[in-house]
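Accompanying notes for the structure given below.
The values are calculated or read from the model by the stated rules, or taken from the named source; none is laboratory data. Here the structure is a predicted model, which is why all the values come from computation and not from measurement. Every residue, glycine as well, gets a Cβ built from its backbone with ideal geometry; the counts of neighbours run over all protein chains shown. For the accessible areas, the whole protein counts, side chains as well, though only heavy atoms, and no ligand, DNA or RNA atoms are used. Shrake-Rupley method; radii C 1.70, N 1.55, O 1.52, S 1.80 Å.
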Amino acid sequence: MKLQYMQSQYQRVALAGIFVILLPSFFPNLFGPLGRSYPSTFSEWNAPKPRHLPLLEGALHHQAPQRQQSDLWSPLPDQGWKPCVDSSKVPSLPKKSEGYIQVFLDGGLNQQRMGYLSSKICDAVAVAKILNATLVLPHLEVNPVWQDSSSFSDIFDVDHFINVLKDEVSIVQQLPNEYFWSTREYYGTGIRATRIKMAPSHASAHWYLENVLPVLQSYGIAAIAPFSHRLAFDNLPSDIQHLRCKVNFQALVFVPKIRMLGEVLVNRLRRSPDRNIAAGTKYLHERTGSVDKQEPGKFVVLHLRFDKDMAAHSACDFGGGKAEKLALAKYRQVLWQGRVLNSQFTDEELRNQGRCPLTPEEIGLLLAALGFSNSTRLYLASHKVYGGEARISTLRKLFPLMEDKKSLASADELAEVDGKASLLAAIDYYVSMQSDIFISASPGNMHNALVGHRAYINLKTIRPNMVLLGQLFLNRSMTWSEFRQAIQNGHKNRQGQIRIRKEKQSIYTYPAPDCMCRA
C-alpha cells in the first residue's frame, strides 16, 4: 500500500513537472518576457524567403538619379505655420486648490506606447486645470509583460516639467502626509469613495466638473483609474487646448542621461561609417565635446513595427509557411480569445484594405523605390522584430549601413537602460526627433506621436500609403520600374505636409490649428 502511494505521488510530481515545462508555450502571455521569448524561436516557423523577388532584384540593381536623391533629402519648405502654444489669457494659478488629483498610468512602455504615455500625461494636466486641482506626479504601474518598473522621474525631467507649467497648474511630486493612505494598493483592494473608476472615454470638461469636482470638495483628493483617452479633443476652451500642447511639446523632456546617450547615437550616425570604426569612440570622450568637427551626415530613422503581437493581431500571411500561420493563430487565440475581427477576412482582402503591417522586406522595397540608396545611414527603432535576423536580412541587404542602439553603443553605455523598455523607447524617440527623415512601417502610437511632434517643428516624415502598398504587393507581375513610379506618385503628399485636425482626431498627432498659428 505504501509503495503504491509513493508511485502515485511520483506520477503526480512527474506530470506536474511536464505541465510546468509546457505551460509557457501554451500560455505565453502569462509569463512576461520569458513567455514572449518562445514565439521568436525557429521551431515554430520556417525562415521566410523573399516574397517579392523580382522587385528585390530591381531594387538591388537600380540607382536613383542624383536629383531625386537630393529632393528626397531636402528639408520641408516653410508651410506657413509656426508653433503657438501660449494661451490667449495670462496664465495664473487659482487662489485655492480644490484638492489633489492622482492618475495611475500603464508603466513598462515599449516603442509602440511611448506616444500613448505622453498623451495621457497631457490629458492629466488638462484635467487638473479644469478642476483647479493640484496634480500629483503621474504614477506608472509596473507592466506585467515588459516587467519595467521605470517611474515618471526615470523617464522625464521632473524639475523641467513642473517649472514649465508652474504658472498654469500646481504639480507636486508626492502627496502630503495626511493622504499617505491613497496608494495604488489601497484602490486595488476594494471600492473606494475617492476613486473615479467609470470616467467615459473622451469625456467633456463638464463631465469632470459634475462628477470629479464634488469628490475633491468632499475628500480633498480624487484618484482617476483607469486613465486613458479620458478627455475629449473637441469642444474644450482654447486655453485648455493650448495647455495640452504646451505639456506635449514643451514640458515633457527626457531626463539628461537619455538625452545624452541619444545625442551620442546621433553623433555616430552623422559620421561616415569608416570614421566610426577608426575612431573607436567612447561615450565619455564624446560627452566632453571633443568630437571632430565636420559636415554632419544625414540619416533616416525607420520605426520597424513588426513584433509578434502586431503580426498575430493583423491575421495576415507573412510568408513563414504553415507552421507560422498555426503559431500566429494559436497566439492570437490565447491573447484575444477570438476577438480579432481581421481573422474573418482573407489575406488578399486585408492587403487590399491596407490592414497588413509591412514586413522588413516590404519597407525596404518602399525605401528603395522612394529613392534611398544603399549608402543611406538607416537607424532601426524597434523593440523586437518577429523572426529576428532572418526576417531582417533582406532589409539589411538593401541597406547594409543599418544601425540600432546595440550596434552604435557599447554594453557599458547601455548598461543603465538595458532591459528597461521605457528608457529604450525614450532613446529611440529622441534619435527619431533628431533624424533628417522619419518613417514608420505601420501606424501606431509612436508613429502618431512622432508625426505630430515633427509636424510641429516642420521636419520631414514619410507616411506609408498602406492601401496602395497592399495592392501593389499583391500584383505579382509588376516590374520594378512600374512599382517605383507608383510609389513615388503615391507618396508626393505624404512627406510631412501639415494636415488640419478633424473632429475627434488627436491634437498630438495633428497639432494644427490647436497648437499652431499661421505664420
- Item | Ordering of 75-83, 204-212, 442-450 by burial proxy (mean other Cβ atoms within 10 Å per residue, highest first) | 442-450, 204-212, 75-83
- Task: Give the accessible surface of segment 458-516 per residue, rounded to a whole number of Å², with probe radius 1.4 Å and ligands, DNA and RNA excluded.
- Result: 47 Å²
- Query: Taking the Cα-to-Cβ direction at Glu263 and at Phe180 and moving 7 Å from each Cα, how far apart do the two end points lie in nm?
  - Reply: 4.2 nm
- Once you list every other residue whose beta carbon is under 10 Å from the beta carbon of Thr394, what net charge do they have if Lys and Arg are +1 and Asp and Glu are -1? +3
- Proximal aspartates and glutamates to Lys420, defined as alpha-carbon separation beneath 20 angstrom and excluding residues fewer than eight positions away on the same chain: Asp106, Glu141, Asp148, Asp154, Asp157, Glu263, Asp307, Asp309, Glu403, Asp404, Asp412, Asp428
- Item | Dimensionless Rg/Rh of segment 158-249 - Kirkwood Rh, Rg from C-alpha atoms | 0.97
- Pull out the extension gain between Val253 and Glu349, defined as 0.36 nm times the separation in residues minus the alpha carbon to alpha carbon distance; nm, one decimal. 30.4 nm
- Query: How long are the three semi-axes of the equivalent ellipsoid of segment 406-519, in whole Å, if each is the root of 5 times an eigenvalue of the C-alpha gyration tensor, listed from largest down?
  - Reply: 29, 24, 13
- Message: Within 10 Å of each candidate Cβ there may be at most 14 other Cβ atoms; applying that plus a DSSP loop requirement, which GluC sites (Glu not before Pro) in segment 400-472 survive?
- Response: Glu416
